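For reference, the structure discussed in these notes is given below.
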Amino acid sequence: MTVLVPPGVVITGAMTPAVREVLTEPALAFVADLHRRFNPRRQELLARRHARQQALDAGEQPGFLAETQAVRQGDWSVASAPADLDDRRVEITGPTERKMMINALNSGAKVFMADFEDALSPTWENVIQGQINCSDAVRRTIEFQNPDGRAYTLNETVATLLVRPRGWHLVEKHVLVDGAAISGSLFDFGLYMFRNAKELLARDSGPYFYLPKLESHLEARLWNEVFTDAQQTLGIPHGSIRATVLIETILAALEMEEILYELRDHAAGLNAGRWDYIFSAIKKFANRQELILPDRGQVTMTVPFMRAYTELLVRTCHKRGAHAIGGMAAFIPNRRDPVVTENALAKVREDKERESRDGCDGTWVAHPDLVPLVTEIFDQVLGDRPNQKDKLREDVQVSSDRIIAVGVPGGQITETGVRLNVSVALQYLNAWLNGNGAAAINNLMEDAATAEISRSQLWQWVRHGAKLDDGRPVTRDLYSRIREEELAKLGGSSAQRYEESAELLDKLVLSDEFVEFLTFLAYELLD
């Protein structure tokens with residue numbers, strides 16, 4: 001069967017029936033037009049990221065922007081929330097995998113974020129099938145037949161669907177526009193919009209998104225321009241799109257009000273993307289020896305620099321009428337070990353009670369079994385109210401110095417921490433290369449963000465010869481020995497890709513220059 005493509009567009013991925021269903025000529029024309037209009041500005045903003053990184057490496061101290069002070073002092077608010085996006089007390093996230101989507105939509109959470117980004121390994125099959133799964137979910141036709149005979153279908157009441165496209169830095173290599181790989185952001189967003197926006201509006205909902213990895217209000221401005229253009233092209237009302245921005249980079253934390261302002265007609269809120277935020281804090285100051293973080297497990301939400309940004313997020317959102325969404329609870333209940341589960345649930349309860357008291361209107365979980373617990377916690381604070389935007393948190397006063405004071409008082413680096421980082425990174429990279437972007441490791445749902453923390457800490461510790469708690473420095477030899485020992489503990493069937501994962505981790509940890517995203521290297525190894 002011949003597949004028609006617009007001029008200048010080439011599909012390099014396998015031409016499966018699913019690809020023919022998704023990549024119709026009109027759909028390709030829509031996403032190619034978005035790419036041609038907005039990719040030049042995307043490239044400029046990515047170059048700006050690199051320039052800012054060079055300035056940080058040279059010792060620049062970032063802060064609140066003087067040139068946008070009028071925005072922070074102005075009297076404005078974001079658009080009011082649509083009815084099906086006003087109560088967000090529990091949100092569940094996961095990749096656009098069919099069975100997981102059905103379970104998440106049925107979980108009892110108010111919102112489900114279907115993820116084309118950190119929880120998805122972007123194989124060609126996963127990306128295309130993910131679009132089909134989202135469209136079927138929108139139309140309530142999504143079903144799954146398990147090999148053991150169990151059938152999965154949607155309940156009468158399901159969570160409101162949000163979609164997270166890939167970040168500005170990523171491309172989709174299987175579709176070329178004018179000889180270059182198309183922006184992953186515009187590909188994911190554009191296809192979902194083209195296939196579903198009008199259907200969603202007909203069902204009294206709308207095209208709702210999570211935006212990842214933004215580093216400035218200028219990047220939010222670009223998204224707003226994309227939204228406006230897409231709505232005009234499709235002939236749907238301005239403001240139909242609603243977007244929640246993940247504040248998961250330390251530079252974006254200094255521009256939260258400006259980000260909401262740029263998106264104000266389309267803004268739904270901000271989310272405290274804690275794992276990527278930690279990764280960003282390491283990455284942005286990777287060359288600053290005085291800002292080395294200790295073992296990952298010691299970087300909790302209560303340490304000063306993490307506490308500062310989450311409290312500021314709540315104040316910022318409620319000042320502007322936006323939802324403030326708390327961070328991820330990544331724990332996976334272990335039904336074979338009730339003690340592990342009990343201890344972990346106690347930590348989840350403590351975390352979510354703090355967020356609800358702080359004023360968060362909702363929060364994230366990674367597993368359906370956590371939904372009842374977290375719902376109960378937020379019910380106690382919200383009652384019948386959909387949110388607590390009236391809790392303005394005017395008591396919060398956060399300076400830019402507190403945001404960038406990266407560190408953990410009394411924190412230590414241990415050999416156990418080094419081993420954990422090595423093991424988690426190897427296991428996650430292996431899963432990712434095998435097409436699974438959301439991997440259960442040590443009773444936690446690990447995605448690309450947590451793997452990024454692991455490998456970036458290893459790079460920084462080796463780079464600066466950081467001292468372990470017993471006085472030994474973290475050297476290339478120590479890393480290599482531990483990597484060999486941890487690799488030997490893993491293994492498995494011939495389908496495993498641990499040797500490739502180990503080679504990839506070596507490149508990430510031992511390179512002279514910090515690799516900005518592990519997916520840059522890993523994507524080259526995907527089909």
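The values are calculated or read from the model by the stated rules, or taken from the named source; none is laboratory data. Predicted model, so just to flag it, every value in this text is computed and none were measured. Positions of Cβ are backbone-derived with ideal geometry, glycine not excepted, and every protein chain shown enters the neighbour counts.
Tabulated results
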{"item": "In segment 433-454, the residues that are within 17 Å of the chain's Cα centre (by Cα), assigned to a helix (DSSP H, G or I) and more than 19 Å from Pro212 (Cα to Cα)", "result": "Ser454"}
{"item": "Selection count, segment 162-196, where residues are within 22 Å of Leu270 (Cα to Cα) and surrounded by fewer than 22 Cβ atoms within 10 Å (Cβ to Cβ)", "result": "1"}
{"item": "Options Thr244, Thr249; residue that is buried (at least 20 other Cβ atoms within 10 Å of the Cβ) and in a loop (DSSP other than H, G, I, E, B)", "result": "Thr249"}
{"item": "Check on Ala268, part of a strand (DSSP E or B) and either within 24 Å of Glu60 (Cβ to Cβ) or at pLDDT 95 or above (or both)", "result": "yes"}
{"item": "Selection status of Gly190, touching a residue at least 12 places away in the same chain (Cβ under 8 Å), assigned by TED's automatic domain parsing to the domain that holds Leu23 and in a loop (DSSP other than H, G, I, E, B)", "result": "no"}
{"item": "Output for segment 435-463, where each listed residue is surrounded by fewer than 17 Cβ atoms within 10 Å (Cβ to Cβ) and either outside the structural domain of Phe514 (by TED's automatic domain parsing) or of a type outside the set (A, V, I, L, M) (or both)", "result": "Gly435, Asn442, Asn443"}
{"item": "Top-ranked residue in segment 468-527 [being assigned to a helix (DSSP H, G or I), touching a residue at least 24 places away in the same chain (Cβ under 8 Å) and of a type in the set (Lys, Arg); ranked as surrounded by the fewest Cβ atoms within 10 Å (Cβ to Cβ)]", "result": "Lys489"}
{"item": "Conditions (1) assigned to a loop (DSSP other than H, G, I, E, B); (2) exposed (fewer than 15 other Cβ atoms within 10 Å of the Cβ); number of the one not met by Ala55", "result": "(1)"}
{"item": "Condition check for Leu254: buried (at least 19 other Cβ atoms within 10 Å of the Cβ) and free of Cβ contacts under 8 Å to residues at least 60 places away in the same chain", "result": "no"}
{"item": "Pairs with Cβ under 8 Å, 6+ apart, first in segment 158-170 and closer than 16 Å to Leu211 by Cβ and touching a residue at least 12 places away in the same chain (Cβ under 8 Å), second of a type in the set (Gly, Ala, Ser) and part of a loop (DSSP other than H, G, I, E, B)", "result": "Leu161/Ser205"}
{"item": "Check on Glu156, surrounded by fewer than 20 Cβ atoms within 10 Å (Cβ to Cβ), of a type in the set (Asp, Glu) and not in a helix (DSSP H, G or I)", "result": "yes"}
{"item": "Residue that is nearest to Asp86 (Cα to Cα) [pool: residues in segment 298-326 that are assigned to a helix (DSSP H, G or I) and among the basic types (Lys, Arg)]", "result": "Lys319"}
